[in-house]
Amino acid sequence: MRIDIISVLPELMESPFRTSILKRAMDKGLAEVHFHNLRDFGLGKHRQVDDEPYGGGAGMVMMIEPLDLCISELKSQRNYDEVIYLTPDGETLNQKIANSLSIRKNLIFLCGHYKGIDQRARELHITKEISIGDYVLTGGELAACVLADSVIRLLPGVLNDEQSALTDSFQDNLLSPPIYTRPSEYKGLKVPEVLLSGNSKKIEGWLHDEAVKITQEKRPDLLD
Ligand code: 6GU
């Protein structure tokens, strides 16, 4: 998978891709992430990328020309499955969206900034708009990192234990059951007997029941 991320602040996203699972995915050649500084496509001496909104109002708008230049150049080099605009008014990210993107080959993420992008950039290029929740971030960069992480960890070979992405919370619309490791008793707190029983069928049943119980308690909406 290849992800091209367009931003006015690409520095903000460097470290998440240089550590842990994302780094391993890149080192193994399973994922490639390329950053593009929109300012390189800015207009004039000052490399302008934003301007005041027509009709007035507070905040600046990301201009159509730099966005069109940058995205068109990328599109001339390869075919993209989706051009995704990270914006608070997009569809809220969930596991289903992450799963569906994880089988794509080439993606563009456009990080919104200021008040947002000129509507015509949406009409010309954007195929999907994604938000990471109902709150406002300063820009789309952190959201792009969240989206990239949620997708890249699903690529075959990224996680050590192939099973572990499949048993994540949300993968079957259930939260994870409680987990324990040694010691079997700590300060009087005991690991549930069934987990020490060695009876894998019983354990599986217990884990599923616990997952349903916890989901009912914390996120009943997932069971609807
Ligand atoms: Cl994608 N961008 C911004 N600026 N704020 C957000 C968001 C995105 N998702 C949630 N809040």
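Here TYR80, TYR54 are screened, and the one residue that is part of a loop (DSSP other than H, G, I, E, B) and crowded, with 18+ Cβ neighbours inside 10 Å is TYR80. Residues in region 85-111 that are of a type in the set (Gly, Ala, Ser) and either more than 12 Å from the ligand (Cβ to nearest atom) or touching a Pro at 6+ places or on another chain (Cβ under 8 Å) (or both): ALA98, SER100, SER102. You will find that of ASP40, ASP4, ASP50, the residue that is without any contact (Cβ under 8 Å) to a residue 40 or more places away in the chain and either in contact with a Cys (Cβ under 7 Å, 6 or more places away or on another chain) or acidic (Asp, Glu) (or both) is ASP40 and no other. The numbered conditions (1) crowded, with 17+ Cβ neighbours inside 10 Å; (2) more than 21 Å from ILE132 (Cβ to Cβ); (3) out of contact with any Gly (no Cβ under 7 Å at 6 or more places or on another chain) are all true for VAL61 except (3).
In region 183-208, what residues are assigned to a helix (DSSP H, G or I) and not aromatic (Phe, Trp, Tyr)? Selection gives GLU193, VAL194, LEU195, LEU196, SER200, LYS201, LYS202, ILE203, GLU204, GLY205, LEU207, HIS208. Is it the case that region 87-94 has a residue that's in contact with a strand residue (DSSP E or B) (Cβ under 6 Å, 6 or more places away or on another chain) and within 19 Å of LEU12 (Cα to Cα)? Checked against the condition, which is being in contact with a strand residue (DSSP E or B) (Cβ under 6 Å, 6 or more places away or on another chain) and within 19 Å of LEU12 (Cα to Cα), region 87-94 yields at least one hit.
Just one of the numbered conditions (1) exposed (fewer than 14 other Cβ atoms within 10 Å of the Cβ); (2) at pLDDT 95 or above is not true of ILE71: (1). Across region 21-37, the number of residues qualifying as without any contact (Cβ under 8 Å) to a residue 24 or more places away in the chain and either touching a Pro at 6+ places or on another chain (Cβ under 6 Å) or under 12 Å from ILE152 (Cα atoms) (or both) comes to 3.
Scanning region 28-51 for residues that are assigned to a strand (DSSP E or B) and within 30 Å of ASN160 (Cβ to Cβ) gives GLU32, VAL33, HIS34, PHE35.
All of LEU93, LEU110 fail the test of being crowded, with 20+ Cβ neighbours inside 10 Å and either out of contact with any Asp or Glu (no Cβ under 6 Å at 6 or more places or on another chain) or not aliphatic (A, V, I, L, M) (or both), apart from LEU110.
Name the single residue that is farthest from LEU30 (Cα to Cα) among those in region 113-132 being near the ligand (Cβ under 8 Å from one of its atoms) and open to solvent by 10 Å² or more (accessible area, probe 1.4 Å). The selected residue is HIS113. Cβ-Cβ contacts under 8 Å between residues 6 or more apart (or on different chains), taken from a first residue in region 176-193 that is more than 23 Å from HIS208 (Cβ to Cβ) to a second residue that is open to solvent by less than 60 Å² (accessible area, probe 1.4 Å), are listed as GLU185/VAL191.
Within region 161-188, the set of residues being at pLDDT 80 or above, farther than 23 Å from LYS218 by Cα and open to solvent by 100 Å² or more (accessible area, probe 1.4 Å) comprises THR181, ARG182, TYR186, LYS187. I'd like the residue in region 147-160 that is open to solvent by less than 90 Å² (accessible area, probe 1.4 Å) and part of a loop (DSSP other than H, G, I, E, B) and, out of all such residues, is nearest to TYR80 (Cα to Cα). Taking the candidates together, the pick is LEU155. Annotation note: of ALA211, ALA144, the sole residue that is away from the ligand (no atom under 16 Å from the Cβ), in a helix (DSSP H, G or I), at pLDDT 95 or above and surrounded by 14 or more Cβ atoms within 10 Å (Cβ to Cβ) is ALA211.
The values are calculated or read from the model by the stated rules, or taken from the named source; none is laboratory data. Just so it is clear, the structure is predicted and the values come from calculations on it, not from any experiment. Note: ideal-geometry Cβ built from the backbone for every residue, glycine included; neighbour counts use all protein chains shown. SASA here: full protein model, heavy atoms, side chains in, ligands and nucleic acids out. Shrake-Rupley method; radii C 1.70, N 1.55, O 1.52, S 1.80 Å.
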